[in-house]
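Sharing a structure below in structure tokens format, with a few things to ask.
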Amino acid sequence: MTVSTEPAVCHRYELQIKIEAEREQVWKALVEDINCWWLTDFYAVGNDSVIELDTKPGGRGLLES
């Protein structure tokens with residue numbers, strides 16, 4: 001077994017897009033209807049998995065199952 005001594009790398013990306021819609025409609029689309037727009041290239045488990053966002057305080061964030 002080979003052990004790497006390379007430091008871990010973390011990247012952060014931010015994207016801003018102006019959306020002309022009601023706040024509640026945008027939130028529902030982004031959080032509740034995430035599987036309608038999530039790109040297949042972004043799936044880690046498989047293209048037939050389900051993406052969820054656990055947005056409540058203390059939630060687990062992005063989930064894929």
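Are any residues in the stretch 1-35 more than 16 Å from the chain's Cα centre (by Cα) and among the basic types (Lys, Arg), and if so, which ones?
Hits for the stretch 1-35 are Lys18, Arg23.
Yes or no: the stretch 19-39 includes at least one residue that is loosely packed, with under 10 Cβ neighbours inside 10 Å, in contact with a strand residue (DSSP E or B) (Cβ under 7 Å, 6 or more places away or on another chain) and assigned to a loop (DSSP other than H, G, I, E, B).
No, because not a single residue in the stretch 19-39 is loosely packed, with under 10 Cβ neighbours inside 10 Å, in contact with a strand residue (DSSP E or B) (Cβ under 7 Å, 6 or more places away or on another chain) and assigned to a loop (DSSP other than H, G, I, E, B).
Within the group Val3, Val26, Val9, Val45, which residue is among the β-branched types (Val, Ile, Thr) and in contact with an Asp or Glu (Cβ under 9 Å, 6 or more places away or on another chain)?
Working: Val3 fails: in contact with an Asp or Glu (Cβ under 9 Å, 6 or more places away or on another chain); Val26 fails: in contact with an Asp or Glu (Cβ under 9 Å, 6 or more places away or on another chain); Val9 fails: in contact with an Asp or Glu (Cβ under 9 Å, 6 or more places away or on another chain).
Answer to the selection: Val45.
A further question on this structure: Could you list, ordered by first residue, the pairs with Cβ atoms under 7 Å in which the first is in the stretch 18-42 and free of Cβ contacts under 8 Å to residues at least 40 places away in the same chain and farther than 13 Å from Leu53 by Cα and the second is outside any loop (DSSP other than H, G, I, E, B) and not small (Gly, Ala, Ser), at least 6 apart or interchain?
Here the result reads Ile19/Val26, each pair linking the stretch 18-42 to a residue that is outside any loop (DSSP other than H, G, I, E, B) and not small (Gly, Ala, Ser).
Of everything in the stretch 40-65, what is assigned to a loop (DSSP other than H, G, I, E, B) and either within 22 Å of Ile19 (Cα to Cα) or among the aromatic types (Phe, Trp, Tyr) (or both)? Give them in sequence order.
Tyr43, Thr55
Throughout, read-outs are computed from the coordinates displayed, never taken from laboratory work. The model shown is predicted, which means the values in this text are computed figures rather than measured ones. Backbone-built Cβ (ideal geometry, glycine too); neighbour counts: all protein chains shown.
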